[in-house]
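Data first, discussion second: the structure below is written as structure tokens.
Bear in mind these aren't lab numbers, they're just calculated from the coordinates by the rules spelled out. Just so you know, these numbers come straight off a predicted model, no measurement behind them. All Cβ positions, glycine included, derive from the backbone under ideal geometry; neighbour counts span all protein chains shown.
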Amino acid sequence: MHSKVLQRTILGAVLAGTALGSLAQIPVPVPPLPGIDVRITSGRPPRARHEVRIARPGPDYVWVNGFWDWDGGRWRWVNGRWDRPAVAQAYWIPARYIRTSRGTIYEPGHWSNQQVVITDDIRRNREWRRHERQHERELERERNRDYYRDRN
């Protein structure tokens, strides 16, 4: 009778291990990244700082250049770093600063799979529309990088 209890225990452990093993292979969905707010600042950012890249920590890391971030009252430097995209096909879009007659339109640096939030006031701005056309050309080159790589 003792051997039957042992057999059932072993069988239960094997079945539980098999179930856990199959659960471990189910991909965990990546949570969405927070949205990026494009805003108009009162001044221009300082000049970019010179940074030294350290060794890449792994083959799937991408270098993200440092940039000036507007915190609502002043510019704050964000150091460059090696970072891993949350999604394999995502790429880093550097911070953008578009000078206008009313200040600087600031689009923070972000991953290509993040949502960019733009107000109607900014959308109506002529400099922003010019920037958007240029950005669309850059995105087209990035989407078709193999096509353009052969042509350069």
Q. How large is Rg/Rh for the stretch 36-151, to two decimals, with Cα atoms and a Kirkwood Rh?
A. 0.98
Q: Would you grab the residues whose amide H sits under 5 Å from the one on Val116? Only those 5+ places off in sequence or on another chain, please, with H modelled 1.01 Å from N.
A: Ile36
Q.
If packing is taken as the average count of other Cβ atoms within 10 Å, what order do 111-117, 53-59 fall into, highest mean first?
A. 111-117, 53-59
